[in-house]
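Participant: Once you've had a glance at the structure underneath, I'll fire off some questions.
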Amino acid sequence: MPGEAHPAFGVGGLVVGGGILGFVQKASKGSLIGGSVLGAGFLGAGLLINKGEGFYGHSLASGCALSLMGVFGSKFIKSRAIFPAGLYTILGMASFAYHGKKAIEWKE
């Protein structure tokens, strides 16, 4: 379906951008590597969705979203910082809800 991949591309771009921002501001190699890997996962999921492999693309995006929630959810619980931990936790939750629903729809 047209437009189904847009959320995966959007979240992927935000995650890559956040990783670069973390590296520039705090010289965090972990942010750069983690943002690049998770962002690439979301972007790859978007490509799969665009190729018609909706189930696999949405499943990959769901897995990436779970990773995003796990990493930043634990950081948010410890720090209570809205940025970046709270923002990325909410982004992961929303992405998981959307892509999980779409993966189930493609499976049926």
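Participant: I'd like the orientation of helix 6-26 relative to the chain: the angle between its Cα long axis and the longest Cα principal axis, in ° from 0 to 90, rounded to 10.
Facilitator: It works out to around 20 degrees.
Participant: Could you report the accessible area of F96 in Å², rounded to 10, computed with a 1.4 Å probe on the protein chains as they sit in the structure?
Facilitator: Its accessible surface works out to 80 Å², give or take rounding.
Participant: Counting alpha carbon pairs within less than 8 Å and at least 6 residues apart, what relative contact order, in whole percent, applies to region 1-89?
Facilitator: Values: 100 pairs, mean separation 20.5, N = 89.
About 23 percent, as a whole number.
Participant: With every protein chain in place, what's the accessible area of V37 (1.4 Å probe, Å², nearest 10)?
Facilitator: Using a 1.4 Å probe on the heavy atoms, I get roughly 100 Å².
Participant: Compute a Gaussian network model of the chain, connecting alpha carbons closer than 10 Å, and tell me which residue from G63, G41, G30 fluctuates the most.
Facilitator: Of G63, G41, G30, the Gaussian network model singles out G30 as fluctuating most.
Participant: For the chain, modelled as a Gaussian network with Cα springs under 10 Å, which listed residue fluctuates most, S79, S36, S62?
Facilitator: S79
Participant: What is region 60-108's relative contact order, in percent, from Cα pairs under 8 angstrom and six or more apart in sequence?
Facilitator: Details: 40 pairs, mean separation 22.1, N = 49.
So the answer I get is 45 percent.
Participant: So, one more: Measure nothing but the geometry: give the 0 to 90° angle between the long axis through the Cα atoms of 87-107 and the longest principal axis through the Cα atoms of the chain, rounded to 10°.
Facilitator: Around 10 degrees separate the two axes.
Participant: Please give, to one decimal in nm, the separation of the simple spin-label points placed at A40 and E108, each 7 Å out from Cα toward the Cβ.
Facilitator: With each label placed 7 Å out from Cα toward Cβ, I get 3.5 nm.
Participant: Just I20, I77, I33 to compare: in a GNM of the chain, with alpha carbon springs under 10 Å, which one fluctuates most?
Facilitator: Evaluated over the chain, the most mobile residue of the options is I77.
Participant: Right, something else. Return the carbon/sulfur percentage of the accessible area of the chain, one whole number, probe 1.4 Å, all protein chains in place.
Facilitator: Details: 4500 of 6250 Å².
That share works out to 72 percent.
Participant: Still on this structure, please answer the following. Dipole magnitude of the chain about its Cα centre, charges +1 at Lys/Arg Cβ and -1 at Asp/Glu Cβ only, in debye to the nearest 20? Present the calculation step by step, with values, prior to reporting the outcome.
Facilitator: Numbers: 9 positive and 4 negative charges, 96 e Å.
Its charge dipole is roughly 460 debye.
Participant: Follow-up. Between helix 29-50 and the chain, what is the angle of the helix's C-alpha long axis to the longest principal axis, kept within 0 to 90° and rounded to the nearest 10?
Facilitator: Roughly 10 degrees between the two axes.
Participant: What's the center-to-center distance, using Cα atoms, between region 1-69 and region 76-108 in Å?
Facilitator: Cα centres, region 1-69 to region 76-108: 12 Å.
Participant: Would you mind finding the longest exposed-site-free stretch of the chain, with exposed trypsin sites (Lys or Arg not before Pro) meaning DSSP loop and at most 13 other Cβ atoms within 10 Å? Can you show the working numbers first?
Facilitator: Values: sites that count: K51, R80.
So the longest stretch without any such site is 1-50.
Participant: Mind sorting out which of [x] 16.8, 54; [y] 22.9, 71; [z] 13.7, 45 is the real Rg and Dmax of the Cα atoms in Å computed from the coordinates?
Facilitator: Among [x] 16.8, 54; [y] 22.9, 71; [z] 13.7, 45, the one derived from this structure is [z].
The values are calculated or read from the model by the stated rules, or taken from the named source; none is laboratory data. All figures in this text were calculated on a predicted structure; none of them were measured in a lab. A quick note on method: Cβ atoms are made from the backbone with ideal geometry, for glycine too, and the neighbour counts reach across all protein chains shown. Please note that ligands, DNA and RNA were not included when accessible areas were found on the heavy atoms of the full protein model with its side chains. Shrake-Rupley method; radii C 1.70, N 1.55, O 1.52, S 1.80 Å.
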